[in-house]
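A.B. asks: Have a look at the structure that comes next, please.
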Amino acid sequence: MDEAQTPINLWGKRLVLGVTGSIAAYKAVGLLRVLAREGAAVSVVMTQAAMKFVTPLTFEVLSGRRVATDLFESHEEMIHLAVPEQAHAIIVAPATANFLAKAALGLADDLLSTMLLNARCPVIVAPAMDGDMWTHSTVVQHVQALRARGIVVLDPEVGPLASGQVAQGRLPAESKILDAIHAALVPQRDWQGQRVLVSAGPTQEPIDPVRFISNRSSGKMGYAIAEAARNRGAEVILVAGPTSLTPPSGVTTVSVNTASEMSDALNRHFPSSTVLIMAAAVADFRPKMPVGQKLKKQGKSELVLELEATPDILAMLSARRTSQIVVGFAAETEQVLSHAKDKLRGKGLDLIIANNVAQTGGGFGSDDNAVVVLSATGGQKTLGLMPKRRLADEILTAVRELCFISSRRESLVE
Ligand code: C5P
């Protein structure tokens with residue numbers, strides 16, 4: 001494609017390009033040029049073996065950045081942590097069999113493999129090796145393990161290899177690698193035409209004018225879903241309890257405090273919505289009689305608060321639905337799946353996202369989460385620990401697979 005015609009698709013994206021020691025390392029130079037032309041800021045990381053094929057200087061000149069090669073070299077920042085944490089995607093091209101093995105096993109004996117363990121962004125791997133290596137059972141296992149972890153491992157292409165053999169082992173074409181990067185980074189518009197109503201955050205139930213009952217919900221999951229749905233083309237209304245999060249641009253945000261206010265807002269917007277995703281942690285109980293003035297201590301040694309149940313908004317909306325798809329969350333600390341299944345049935349939902357909030361590394365307040373998606377038709381999909389932003393996309397994909405694409409309404413693809 002003519003340079004002038006190249007669309008600027010990766011503008012503002014920070015990418016890591018890992019180059020490992022295959023003869024195809026020289027092709028990474030061309031890839032870097034294309035990525036830079038599309039507007040990406042690319043940090044190149046080379047393994048020791050890669051430097052036998054191409055010099056860091058080549059990548060340095062073309063990326064305009066210092067090439068990182070050594071885990072033990074001193075840097076201003078912890079480069080093996082900072083670079084992958086800030087990256088939008090990591091691309092390893094070419095990836096050797098040795099790299100695939102290290103990545104599959106979680107070895108971290110050089111800069112690139114260590115960075116991979118710190119990655120919270122999409123990782124795309126483009127292997128290149130001899131045909132017999134690619135089909136070796138160990139390599140096959142490693143590729144399977146990486147794919148099962150959500151890493152995109154492209155298939156090498158068939159063609160003449162450095163050994164003279166004609167087999168599958170050539171680095172995938174630049175266009176294939178670019179397509180994979182675009183697919184990971186440039187959002188699909190597969191939610192266009194949907195009006196998505198999302199609830200997020202906790203509710204606060206007043207005891208008196210200065211005190212309330214609430215919970216630990218940060219709102220991050222619901223906000224991430226609202227943002228992901230917006231990016232994928234949906235019109236989004238976010239009904240949010242009190243959080244410290246910034247309202248996402250391009251989303252109509254309605255701020256509420258109590259379960260009752262949340263119920264009113266959701267009731268208003270539900271009839272014109274096509275999907276409800278109820279990620280809010282609505283209080284189950286509220287003080288029966290909140291008082292108008294601040295409660296005084298005045299020698300009391302105890303105070304009994306009488307609580308009453310709040311209306312179950314989700315169950316009510318689900319009962320009122322016309323054609324809306326209704327998705328709930330189940331935050332549980334034990335018997336997660338069986339409690340979630342009870343709620344799925346009891347509230348008449350299409351889908352429930354079961355969330356173990358007692359697990360380490362996920363749940364309330366955390367940036368990461370792991371969930372199990374359960375459908376009314378018996379489908380089940382486990383989404384392992386990942387950033388909530390990525391999880392939001394996976395949840396939207398699960399909803400779409402189940403409810404939009406499959407009119408047969410059969411189980412989710414595992
Ligand atoms: O029954 P439980 O509160 O565990 O159900 C969780 C699901 O129900 C969540 O999707 C939550 O947003 C919703 N919910 C609700 N109204 C309530 C309590 C929970 O809509 N009063």
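A.B. asks: Give the residue that is modelled with the highest pLDDT, with candidates limited to residues of the range 299-318 that are away from the ligand (no atom under 12 Å from the Cβ) and hydrophobic (A, V, I, L, M, F, W, C).
C.D. replies: Leu307
A.B. asks: Quick one: in the range 322-344, of everything that is open to solvent by less than 80 Å² (accessible area, probe 1.4 Å), touching a residue at least 24 places away in the same chain (Cβ under 8 Å) and of a type in the set (Gly, Ala, Ser), which residue is nearest to the ligand (Cβ to nearest atom)?
C.D. replies: The selected residue is Gly328.
A.B. asks: Checking the structure you have, find out if any residue of the range 284-297 is within 29 Å of the chain's Cα centre (by Cα) and in the same structural domain as Ala398 (by TED's automatic domain parsing).
C.D. replies: yes
A.B. asks: Identify all residues within the range 74-133 that are open to solvent by less than 40 Å² (accessible area, probe 1.4 Å), in contact (Cβ under 8 Å) with a residue 24 or more places away in the chain, in a helix (DSSP H, G or I) and among the aliphatic types (A, V, I, L, M); write none if there are none.
C.D. replies: Hits for the range 74-133 are Ile79, Val83, Ala97, Leu100, Ala101, Ala103, Ala104, Leu111, Leu112, Met115, Leu116.
A.B. asks: How many residues does the range 258-272 hold that are surrounded by fewer than 23 Cβ atoms within 10 Å (Cβ to Cβ) and within 16 Å of the ligand (Cβ to nearest atom)?
C.D. replies: Here the count works out to 10.
A.B. asks: Spot the failing condition for Ala319; the list is (1) open to solvent by 70 Å² or more (accessible area, probe 1.4 Å); (2) in a loop (DSSP other than H, G, I, E, B); (3) within 22 Å of Ser260 (Cα to Cα), and only one is missed.
C.D. replies: (2)
A.B. asks: Something else now. Out of the range 369-389, which residues are without any contact (Cβ under 8 Å) to a residue 60 or more places away in the chain and either within 17 Å of the chain's Cα centre (by Cα) or outside the structural domain of Asp284 (by TED's automatic domain parsing) (or both)?
C.D. replies: Passing the criteria: Ala370, Val371, Val372, Val373, Lys381, Thr382, Leu383, Leu385.
The values are calculated or read from the model by the stated rules, or taken from the named source; none is laboratory data. Predicted, not measured: the structure shown is a model, and the values here were computed from it. Reconstructed Cβ throughout: ideal geometry from the backbone, glycine too, with neighbour counts over all protein chains shown. Side chains included, ligands, DNA and RNA excluded: accessible areas come from the protein's heavy atoms. Shrake-Rupley method; radii C 1.70, N 1.55, O 1.52, S 1.80 Å.
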